[in-house]
Ligand SMILES: *Cc1c(COP(=O)(O)O)cnc(C)c1O
């Protein structure tokens with residue numbers, strides 16, 4: 001499959017380029033040049049597959065120049081062999097709503113599903129290369145742990161993770177900082193997630209720096225992640241769709257996971273509405289409800305993985321809405337950068353054909369956890385509660401699947417606030433409390449971060 005950049009669609013890229021670079025040199029995001037939907041017959045054939053088989057069928061067309069189908073099949077099965085459920089994900093009932101549990105991987109959030117696969121893509125690629133790769137990634141809490149688990153100890157690569165100091169939960173932090181492998185580096189930035197993300201973008205855009213360290217990225221803008229995440233929309237639909245279109249409610253920060261749902265729809269899956277569920281960092285809710293795409297200051301919430309105001313993947317949707325015109329998209333992105341962009345009415349109507357949105361504030365999130373626990377004796381994590389609450393507020397609970405993005409034990413404070421109970425880690429992960437943590441606190445200063453990276457590389 002051929003890819004282009006949202007800001008210049010005249011150059012073409014292979015999956016390998018797209019996967020290793022993450023972000024295009026012109027600052028745009030990679031998207032396929034064209035996407036061919038599955039036919040009804042093809043969908044029918046896919047419907048009886050187990051998760052791993054389905055993953056291989058959906059992902060392969062996007063990367064058929066990278067590895068063979070047989071290699072992909074074995075890579076998928078290796079990637080998901082350490083998940084704690086039989087078929088990677090699980091579907092449960094919550095009254096009218098269905099919940100798609102995506103947190104049964106090694107670091108307890110949906111990000112493992114794409115990241116375990118990506119870790120093995122790197123290993124496959126580096127098997128044929130001499131040059132060492134340095135992966136640098138920003139995290140609002142969960143990406144970092146998933147990346148480290150997927151990349152620790154792998155040959156010929158180092159992983160550097162930037163997290164916002166003191167703004168993630170202790171469990172989230174420990175899942176990143178207790179590793180002894182020498183290729184793992186944790187940096188706590190004195191700032192918020194958007195600062196971390198900007199630092200990584202700046203390092204990428206510094207051609208001299210990024211090529212000198214052979215830098216690569218696995219943030220949620222990485223197309224390989226999006227494709228891997230599209231798989232579970234298919235899986236859920238085939239298990240519960242009954243021929244009816246389904247809506248999906250998705251707790252959203254960077255617009256990655258929900259964009260994967262949009263990709264599934266473009267691939268022919270009968271999806272009705274994609275519900276963008278946000279916390280009070282609600283730029284995406286404001287954008288989709290009335291076109292207001294102005295950035296405000298990021299506020300800390302009890303759903304820290306969504307404390308974001310720069311929803312990077314939104315650019316991919318804008319590119320589509322702008323009829324795949326990369327010059328116009330580039331223009332829009334510079335307006336967004338200057339914080340002067342408003343989505344015009346015709347574009348907004350286009351967006352609303354596929355998306356709708358809602359926001360839950362802090363109190364509503366806690367109340368939702370409480371209500372669900374009272375009604376169903378189930379504990380959901382606060383991000384999942386935002387997804388559930390959004391579907392309820394919109395009255396879209398029929399034929400609706402909520403993506404449950406994390407295990408509640410990752411956010412003990414919110415759970416405690418809601419139901420005065422502590423949610424325990426699965427036994428296999430209790431060790432994270434006993435190990436020593438290792439991370440470096442660095443101010444929000446690009447030169448200090450670069451120095452740390454260069455020094456660390458020279459020492460190993
Ligand atoms: C990352 C994350 C989200 C947001 O996902 P995006 O792809 O950034 O929209 C939601 N919930 C949890 C638990 C997360 O870790």
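We did not get these values from a lab; they are worked out from the coordinates using the rules stated. Since we're looking at a predicted model, the values are computed, not measured. Neighbour counts run over all protein chains shown; Cβ positions are idealised from the backbone, glycine included.
Couple of notes before you dig in:
- Label point distance in nm, residue 92-residue 26, each placed 7 Å from Cα along Cα→Cβ: 4.7
- Label zone at residue 413 (point 7 Å along Cα-to-Cβ), backbone N below 20 Å, segment 339-376: 360-370
- Rounded to whole Å, the principal axis extents of the Cα atoms in segment 153-238 read 45, 34, 29, largest first.
- Adding -39500 (n - 2.57) for every DSSP H run of four residues or longer, then dividing by how many residues the chain holds, sets the calculated 222 nm ellipticity at -13000 deg cm²/dmol.
- Inverse of mean 1/r across different Cα pairs in segment 46-91, Kirkwood, Å: 11.1
- Cα-based shape type of the chain, given that a ≥ b ≥ c are square roots of the gyration tensor eigenvalues and the cut on a/c is 1.5: rounded
- Rounded, prolate or oblate (a/c below 1.5 giving rounded, otherwise prolate when a/b exceeds b/c) for segment 78-215 by Cα gyration tensor: oblate
- Summarising the strand pairing of the chain, around 25 percent of its internal DSSP beta bridges are antiparallel.
- For segment 304-459: rounded, prolate or oblate by the Cα gyration tensor [a/c cutoff 1.5]: oblate
- Once the C-beta distance of residue 152 and residue 211 is scaled by a Förster radius of 30 Å, the resulting FRET efficiency is 0.75 to the nearest 0.05.
- Fewest-first ranking of 316, 167, using other Cβ atoms within 10 Å as the exposure measure: 167, 316
- Inter-label distance for residue 455 and residue 84, nm, one decimal - labels placed 7 Å from Cα along Cα-to-Cβ: 3.8
- Residue exposure proxy: 196, 400, 324, 409, ordered by other Cβ atoms within 10 angstrom of their Cβ from fewest to most, comes out as 324, 409, 400, 196.
- For the chain: relative contact order, % (alpha-carbon pairs under 8 angstrom, 6 or more apart): 19
- More than 16 Å apart - percent of Cα-Cα pairs taken over segment 398-460: 71
- Neighbour counts of other Cβ atoms within 10 Å put 12, 407 in the fewest-to-most order 12, 407.
- In this simple spin-label model, placing a label point 7 Å from the Cα along the Cα-to-Cβ direction at both residue 438 and residue 266 gives a separation of 4.1 nm.
- Amide N of segment 338-358 lying under 18 Å from the label point, which is placed 7 angstrom from the Cα of residue 375 along Cα→Cβ: 358
- Gain in span if fully extended, residue 447 to residue 77, counting 0.36 nm per residue against the direct Cα distance: 129.1 nm
- Between segment 269-294 and segment 69-113, the Cα center-to-center distance that results, in Å: 26
- With R₀ fixed at 30 Å, the C-beta to C-beta distance from residue 296 to residue 328 puts the FRET efficiency at about 0.75.
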